[in-house]
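The values are calculated or read from the model by the stated rules, or taken from the named source; none is laboratory data. Worth saying up front: this structure is predicted, and the values here are computed from it rather than measured. Backbone-built Cβ (ideal geometry, glycine too); neighbour counts: all protein chains shown.
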Amino acid sequence: MAADQLSRVFSALSDPTRRDLVARLAVGDATVNELAAPYDVTLQAVSKHLKVLEDAGLVTRTRDAQRRPCHLEAEVFDLMTKWIERYRREAEERFTRLDAVLAEMREQDGDDQPRKQGSSDDRTGAGR
Amino acid sequence: MNTSTTRNQTSIELGDTVPTVTITREFDAPVAHLFRAWTEGDLVARWLGPRSQTMHIERYDCETGGAWRWWSSGEDGVEHHFYGSFHDVRPNDRLVQTFTYEGFPDSVSLETATFEDLGDGRSRVVTVSLVDSFEDRDAFVASGMEHGVVEGYEKLDELLATL
């Protein structure tokens with residue numbers, strides 16, 4: 001269930017038009033008409049995009065007024081951003097370990113053969 | 001793009017039109033070292049595996065047409081197995097390989113790493129992972145968060161239940 005939901009949020013945001021809609025709703029609630037105005041597409045097309053965002057839980061429509069403005073569920077969007085940031089941090093941790101491996105390689109190289117000033121190290125001789 | 005010179009930051013980009021994850025990182029090391037650390041099994045074992053897991057390399061023939069296989073194990077005793085092929089190996093320049101997690105045997109991602117010499121003993125690597133579908137890509141990104149972020153899912157469940 002959570003994975004399905006996650007997938008829906010991700011794919012909802014994989015479309016540039018939908019990301020743009022989200023960005024505009026982040027400023028404030030807006031009706032479908034208002035949202036459609038800047039685009040050279042039909043109202044139906046924008047409604048379709050909004051439906052995808054609604055299904056993903058990113059956007060809700062208030063039921064009270066005639067206008068039925070669209071509202072961005074900022075918390076869902078924030079969670080999404082956090083997930084990507086978490087993924088980035090995992091990669092960062094991996095690369096920090098790689099930094100340590102590389103620092104050790106440099107030290108070993110220094111012991112074997114002092115590096116010439118300004119020369120790039122290329123023991124394999126397979127550089128470009 | 002990372003423009004910081006004081007710290008090597010990792011940047012992540014998700015593709016809009018194709019299901020990719022692009023990771024970019026710079027290193028304070030010559031490109032030849034970076035390539036070795038990326039392609040020699042005993043060096044790879046020291047950084048690639050998940051944190052808090054021990055990485056066991058069964059096979060790491062990093063040459064064009066070669067193959068690799070490794071597994072990781074943690075204190076909980078659970079093992080995760082991975083394997084793939086080395087499709088194209090060009091020293092200090094480019095590495096193309098496939099990647100499959102045995103837990104999802106039907107999924108395969110194509111990983112292209114491009115290595116770049118930045119001069120002054122610095123280098124950059126850009127890895128592009130291309131998976132079968134946006135759904136797979138998203139699961140792939142989410143899987144990096146399995147450890148210790150189950151509460152993240154639970155929080156989302158709770159949140160979505162209120163909508």
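Worth pointing out:
- Candidates B:Val44, B:Val128, filtered to the one that is closer than 18 Å to A:Ala91 by Cβ, surrounded by 14 or more Cβ atoms within 10 Å (Cβ to Cβ) and in contact with a Phe, Trp or Tyr (Cβ under 9 Å, 6 or more places away or on another chain): B:Val44
- Residue that is touching a helix residue (DSSP H, G or I) at 6+ places or on another chain (Cβ under 7 Å) and either modelled with pLDDT under 90 or not hydrophobic (A, V, I, L, M, F, W, C) (or both), where the choices are A:Ala2, A:Ala91, A:Ala37: A:Ala2
- Answer residue from the range A:64-88, given it is in a helix (DSSP H, G or I) and more than 8 Å from every other protein chain (Cβ to nearest Cβ) and is modelled with the lowest pLDDT among those: A:Met80
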